[in-house]
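As structure tokens, the structure follows; a few thoughts come after it.
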Amino acid sequence: MPEDDTSAEADLAPADADWTATVVATETDWDTVVDLRMAVFVDEQGVPEHLELDEHDAEPLESDVDHLLVRDAAGDAVAVARLRAVDAHEYGALAEGTERVAKIERIAVAGDRRGEGWGARVMSAVENRARARGLTEAMLHAQTQTAGFYEGLGYAVDEAVGTFDEDGIEHVRMRRQL
């Protein structure tokens, strides 16, 4: 895991929160992340299983990719996200001189927990982790039907990219300053 201001075990949720958000550091937590991602992306949305787990998931406990797991007060897994620091030249940057941007991916909330604010919580946690890693800009590929949710969190559609197909689902690139 990369050096930064926040250890993997640190809770990325606000201090007064009744939920936790941590970077996955155990095989058990990784299995929980995979189960939730498979339920959302493969079972619900029909993404082929071989596309859901990719090269950025190959060494989940040993790489510079952060997999976040959000749990409610009862300890139940409710949301996940993946964070990578990527070359700004590959994806563009909002501010001149930015070399790396946070690419937030694989954002998923358990189907029976949607509408309870978990999407905003996992985004807050992953953005906190990105800041701890020294990243000042974030980008993500949002399914078009979720773009309004991300706009409410301060993201803007990258109009230069337009809509595109990713794993058989229409997406837009969105970005914001952190």
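Read-outs throughout are calculated quantities, based only on the coordinates presented, and are distinct from any laboratory measurement. Small disclaimer: the values here were computed from a predicted structure and weren't measured. Heads up, the Cβs are rebuilt from the backbone with ideal geometry, glycines too, and the neighbour counts pull from every protein chain shown.
For this structure, a couple of remarks:
- From most to least packed by mean Cβ count within 10 Å, the peptides 73-79, 32-38 give 32-38, 73-79.
- Gain in span if fully extended, Asp167 to Arg114, counting 0.36 nm per residue against the direct Cα distance: 16.9 nm
- Scoring 110-119, 156-165, 139-148 by mean Cβ neighbours within 10 Å over their residues and listing the highest first yields 139-148, 110-119, 156-165.
- Answer label for log10 I(q)/I(0) by the Debye sum over Cα atoms at q = 0.19 Å⁻¹ (calculated), chosen among [x] -1.33; [y] -1.45; [z] -1.21: [y]
- Between Leu53 and Asp18, the distance separating the two model label sites (each 7 Å from Cα on the Cα→Cβ line) works out to 3.5 nm.
- Two-site FRET efficiency, Met38 against Leu153, from Cβ-Cβ distance with R₀ of 25 Å, rounded to 0.05: 0.50
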